[in-house]
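As structure tokens, the structure follows; a few thoughts come after it.
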Amino acid sequence: MLNDEALSAWKEQDRLATLRSYRVIDTQPEPAFDDLVQLAARSCQTPVALISLIDERRQWFKAEVGLGLQETPLDFSICLSAMLLPGLTIISDLEKDPRFANNPLVTGDPHLRFYAGAALRTLDGVPLGALCVLDYVPRHLTEDQTDTLTRLARQVMSHLELRRAIAERDERAEASRQIEKRQSLLVRELHHRVKNTLATVQALVGATGRSTGSFDEFYHSFSSRITSLARTHDLLTEDYWQTAPLREIALNELKPFAESRQPRFMLIGPPVELSADLAVPVGMALHELTTNAVRYGALSVPAGYVRVQWTLDEHEGVRKLHLEWSEFAGPRVNEPQHRGFGSTLLQRVLPMQCKAEVEVQYASDGLRFQMDVPLVERRLVPAY
């Protein structure tokens, strides 16, 4: 722990955050720092010189000569005390100093005796560690040597500042490249989505026209389908046209029944994000199922209700969605005599477009629809 007097000017958590901001701990040796410890050892005529940085559990050496260690526990650190003191810390004989007489580096190998350290401080006075020189015998430094060690410590800080500035510049440049890449992918995805949407609208016009007998019926059916498509697209735009949550897609269709005094629907299943090319046809399928239930099925009578349930399974490394639509307490169900747009979508479009396996059962107690479809996991535009 650092002493209370030192903590009055800064907090240890802020000091550690400042140290981390230099992005230097546990980095590889660099010639600029290696040269500085060599100069410190040569000018002070000592066998050992270190650039020591103090984190929450150890002192780590960005550069060292003569010691042969890359780090030591804080209990071994002399620099921890030196970095908190003003000016240059010089201890002529460590063995005679009660603070360090029992230090393992003094009592055992390498039997250090002399220490001189200049604190490494930021421009606003936050200490990070020390540039120090050590010897195996008691001794002193000349005035020129102390001056040189102090100046070299300032050079260490200058290199650390330069290193941080370069790292921040590179990070900004990389962030800018990622933004440009994302924008390019977004434009490509938007073009793809617009083309697909126009093709879907064109298909809806033709299919709705063939399955309706009057302009009013065409207008009502086509408008409701376009509205459903728009709601799914609204969900997709929240994730850059990449995915939409299945629960929200289903809720968009069944929301008119959410405020009923008697529960009219249940949504049961884990969170699932559907890719855009799967979300649109699934959303359309749920719309057709809901519309059919409102006209002829369980939602056409007050006591009827719908259960939408889904699960996720994995087979041979491919995740699949299993979805079931079940209607209860509705009027008796009979298989339709002709295939309309909804039946075509469920039984033909989903298998062709989504590689889905579908089954429709016109059970007497309510319509049953189930689908097994592989999920598309790849994103064109990465998530933030």
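To put it simply, the accessible area of region 39-197 at a 1.4 Å probe is 53 percent carbon and sulfur.
Shape verdict for region 26-121, please, from the Cα gyration tensor: rounded (a/c under 1.5), prolate (a/b greater than b/c) or oblate. Because its axes are fairly even, with a/c under 1.5, region 26-121 counts as rounded.
Residues D277, D97, D34, sorted by accessible area with the largest first, give D277, D34, D97 [1.4 Å probe; ligands and nucleic acids excluded]. Per residue, the average separation of C-alpha pairs within less than 8 Å and at least 6 apart gives region 217-358 a relative contact order of 20 percent. Accessible surface for I179 stands near 90 Å², nearest 10, in the context of the full protein assembly shown (1.4 Å probe). If you take the Cα centroid of region 37-78 and the Cα centroid of region 263-334, the two points sit 67 Å apart.
Rounded, prolate or oblate, given the Cα gyration tensor of the chain, with a/c below 1.5 counting as rounded? Note, shape of the chain comes out prolate.
Most simply put, the chain has about 95% antiparallel DSSP beta bridges, counting only bridges with both residues inside it.
Excluding same-chain neighbours fewer than eight residues apart, the aspartates and glutamates reachable from K62 by a Cα-Cα span under 13 Å are D26, E30, D34, D35, E71.
Computed over protein heavy atoms with a 1.4 Å probe, the accessible surface of region 1-154 works out to 50 Å² per residue. Counting only protein heavy atoms and using a 1.4 Å probe, the accessible area of S221 comes to about 10 Å².
Ranked by the mean number of other Cβ atoms within 10 Å of their residues, highest first, the peptides 123-131, 308-316, 265-273 fall in the order 123-131, 265-273, 308-316. Backbone phi angles across region 222-229, fed through the Karplus curve with coefficients 6.51, -1.76 and 1.60 (θ = phi - 60°), yield HN-Hα couplings of 5, 4, 5, 5, 5, 4, 4, 4 Hz in residue order; Gly and Pro are listed as x. For a straight C-alpha distance cut-off of 24 angstrom, the lysines reachable from K181 (same-chain residues fewer than eight places away being disregarded) are K195.
Checking the a/c ratio against 1.5 first, then a/b against b/c, what shape does the Cα gyration tensor give for region 210-331? The shape class here is oblate.
The values are calculated or read from the model by the stated rules, or taken from the named source; none is laboratory data. This structure is a prediction, so every number in the text was calculated from the model and none was measured. Note: ideal-geometry Cβ built from the backbone for every residue, glycine included; neighbour counts use all protein chains shown. Please note that ligands, DNA and RNA were not included when accessible areas were found on the heavy atoms of the full protein model with its side chains. Shrake-Rupley method; radii C 1.70, N 1.55, O 1.52, S 1.80 Å.
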